[in-house]
Amino acid sequence: MQLNIKNKFTKELPSDPITKNSRRQVKEACFSYVTPKKTQSPKMMHVSRDMANTLGILDTDIKSKQFTNVFTGNEVLSNTRPYAMCYGGHQFGNWAGQLGDGRAINLFEIEHHHKQWQVQLKGAGETPYSRTADGLAVLRSSIREYLCSEAMHHLGVPTTRALSLALSGDEVMRDMLYDGNPALEKGAIVSRVAPSFLRFGNFEIFAARQDHKTLKTLTDYTIRHHFSHLGEPSKENYIKFFAEVSKRTLKMIIHWQRVGFVHGVMNTDNMSILGLTIDYGPYGWLEGFDFGWTPNTTDNQHKRYRFGNQPNIGLWNLYQLANALYPLIEETEPLETILENYKINFEKESLDMMRSKLGLSMTTDQDSELIEKLEHVLLLTETDMTLFFRNLSKFRKGHPEQGLDIIKDAFYTPNEVSGKIAQQWREWFKIYDLRLEQESLENEARQIKMKAFNPKYVLRNYMAQLAIDDANKGDYKLINELFQLLEKPYDEQPHNEKWFAKRPDWARHKVGCSMLSCSS
C-alpha cells in the first residue's frame, strides 16, 4: 500500500518516555507508543469502499493480505509508530481521572487530497490506559460501531467514520449485562477514521493535574492543525476556539435530535473536540417518540443521557471544557457568554430543525405552539418517530381529515388512537393545515424537502442485532445488506421496504434490541 503518512500528532506533541503497553499513570505526555496485539487468524469481514477512496486506498490494496494485517494490528508499516492517547473525563457527572485510549490504538495519519485523517484500531489490545480491561473488542459491539458510524455519515450527521470490520480469530471473555455471567465471544477489530480523535477529556486531564504547559502545547497544536482559520494561538483565539467547539457540539446534537439518535454515554471523554459523534457504545434509535428514553442499562435509573436531555448534557460538558481551558484564558466572562449563547442558539436551532421536519420554510410566532402540541400528541401513545415524520411528508394542504390515515402505520397500538386521542390528533392536523396555507411551497415541493430532511431508514437496534446473530453463525450477508441500505437513507429504495417498518414485537424486550450495556 502506498499511503501518504503524515504523523504530525506524534512529531509535535510530548510523548510518554516509557514504550511498554503496561498500565500506568502517564504524566506530562499527550500519548504513549504502544504495540498492537497480534491475533491468531485475522479475517476481513467488510470494508467501506467510500472511506477507502477518501483515504486513497485502492481496491487492489483492500484485497491484499497486507491490508488485512495492517488494519487488524498484525503488521506495523515501516514508517509508522502506533500510539494511544492520554485523556481524562467526567463519567456520569463524576471526575474519573485518567482514562485514555484503553482499547484504541492509533496507527498513523494519512494526508489525501489536502485533508488529514487519523486512523485507529479499536480492539487491538491493551495500552497504558486499559486500566483493568484487556483492550479487546467483541463482534457484536464492533458490528454496531462499524454500521452506525457509516450510517450516521450518510445521514449527514457529523461523525467519526469506519474503514473496516474484521474478525480477530481470538475469543474474548465478556459479561454482557454485568450480571455475573461472563462468556466467551468472538473478538473483532474496527478501524476508525477521523480528522482527529481529540476529546474534551484530552484537555481536562492536564487542567486537573495543573500541567498548564502540556495543556497549552495541546491547545496550540489543535488550533494550528484543526482550527487554523482562527489564526495563531493566543488568548483571543483560545476564546474563539472554545466558541467554535461550542457551536460544533450544538450542531451535532441538533442532528442527533433530528434523526432520533441517542448516544447513551455522553461522558466528557466521549465528546469530540471537532463536534463529531464519537464512541458508538450503547447507542440507540428512538422507536416510540419518547424524551425520557435511554438505551443504556447502566443509565436506566437516573436516565442522565436520555434523548430529551442530550442538549443539556452537551452544555454541561462544555462547562467542563471551559474549566479546563480557563488556565489559558484567565477570564470567566467570555467563557460564560459563549455558554449562554449555546442556550440561546439551542432554542433557535431546535425550532428551525423542527420547522424543517414539518416542511415549513417561513417562520411565524405560532410555530413554537404548533411544535409543542405535536410533541404532546406524539406522546399520547407509542408512535414511531421515523415512520411518523417520513409519512407526514405525504400530507396535502386542504385535507386535514386525511392526516390520521397518512400516519396510522406509525402507531404501535393503533387501537389506542381513538376517542379523545384521535380527536386531539385531528385538532393538531387542522392547525398544521392552517399553518401550511401560509407557505408558498406546493405539496410536491414540500414533500421533496421533507424527505431530504427526514430519513426513511435508520439503523434500528433490532436490525443491528439480526446482523450480529447471523455473523455469530458465520453469515455476513446481512451486514453488507444493511450497509448498502444505510448508504442511501433518504432514498425510497422500494426493494428494501421491509426495513421501513416499526420495531417487531419480539425485539421489544430482547437484549441488544431494547437494552444495551457498555460491555463490548
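The values are calculated or read from the model by the stated rules, or taken from the named source; none is laboratory data. None of these values were measured; they are calculated from a predicted model. Don't worry about glycine lacking a Cβ; one is built from the backbone with ideal geometry, like all the others, and counts go over all protein chains shown. These area figures cover heavy atoms from the full protein model, side chains too; ligands, DNA and RNA do not enter into them. Shrake-Rupley method; radii C 1.70, N 1.55, O 1.52, S 1.80 Å.
Side notes on the structure shown:
- The range 466-501, residues that are assigned to a helix (DSSP H, G or I), in contact (Cβ under 8 Å) with a residue 60 or more places away in the chain and within 22 Å of the chain's Cα centre (by Cα): Ala467, Ile468, Ile479, Asn480, Leu482, Phe483, Leu486
- Only one of the listed residues (Arg144, Arg199) is open to solvent by 10 Å² or more (accessible area, probe 1.4 Å), closer than 28 Å to Gly93 by Cα and touching a strand residue (DSSP E or B) at 6+ places or on another chain (Cβ under 9 Å). That residue is Arg144.
- Of all residues in the range 290-304, those that are closer than 14 Å to Asn94 by Cα have Cβ atoms under 8 Å from Cβ atoms of residues that are outside any loop (DSSP other than H, G, I, E, B), 6 or more apart or on another chain, in Arg304/Ile313.
- The combined condition, being charged (D, E, K, R), more than 18 Å from Asn317 (Cα to Cα) and either surrounded by fewer than 23 Cβ atoms within 10 Å (Cβ to Cβ) or touching a residue at least 24 places away in the same chain (Cβ under 8 Å) (or both), is fulfilled by Lys235.
- Considered as a group, the residues in the range 104-135 that are at pLDDT 95 or above and under 15 Å from Gly281 (Cβ atoms) include one that is surrounded by the most Cβ atoms within 10 Å (Cβ to Cβ), and that residue is Gly123.
- Residue ranges of helices (runs of 4 or more DSSP H) in the range 298-378 with at least 1 members among the β-branched types (Val, Ile, Thr) and within 24 Å of Leu215 (Cα to Cα): 310-329, 333-357
- Residue selected from the range 1-20 under the condition touching a helix residue (DSSP H, G or I) at 6+ places or on another chain (Cβ under 9 Å) and outside any loop (DSSP other than H, G, I, E, B), by the criterion most open to solvent (accessible area, probe 1.4 Å): Glu12
- Check on Lys37, part of a loop (DSSP other than H, G, I, E, B), in contact (Cβ under 8 Å) with a residue 24 or more places away in the chain, of a type in the set (D, E, K, R) and touching a strand residue (DSSP E or B) at 6+ places or on another chain (Cβ under 7 Å): yes
Let's see how each residue does on (1) in contact with a Lys or Arg (Cβ under 6 Å, 6 or more places away or on another chain); (2) of a type in the set (Gly, Ala, Ser); (3) open to solvent by 10 Å² or more (accessible area, probe 1.4 Å):
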residue	(1), (2), (3)
Ser22	no, yes, yes
Gln25	no, no, yes
Gln40	no, no, yes
Met44	no, no, yes
Arg49	no, no, yes
Ile57	no, no, no
Phe71	no, no, no
Met85	no, no, no
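- Condition check for Thr383 on (1) without any contact (Cβ under 8 Å) to a residue 40 or more places away in the chain; (2) of a type in the set (Val, Ile, Thr); (3) in contact with a Gly (Cβ under 7 Å, 6 or more places away or on another chain): one failure, at (1).
- Residues satisfying the stated conditions in the range 455-474, i.e. touching a Phe, Trp or Tyr at 6+ places or on another chain (Cβ under 9 Å), crowded, with 23+ Cβ neighbours inside 10 Å and either more than 15 Å from Met152 (Cβ to Cβ) or aromatic (Phe, Trp, Tyr) (or both): Tyr457, Ala467
- Of the residues screened, Arg258 is one that is among the basic types (Lys, Arg), at pLDDT 95 or above and either crowded, with 23+ Cβ neighbours inside 10 Å or not in a loop (DSSP other than H, G, I, E, B) (or both).
- Top-ranked residue in the range 148-174 [being of a type in the set (S, T, N, Q) and part of a strand (DSSP E or B); ranked as nearest to Leu107 (Cα to Cα)]: Ser164
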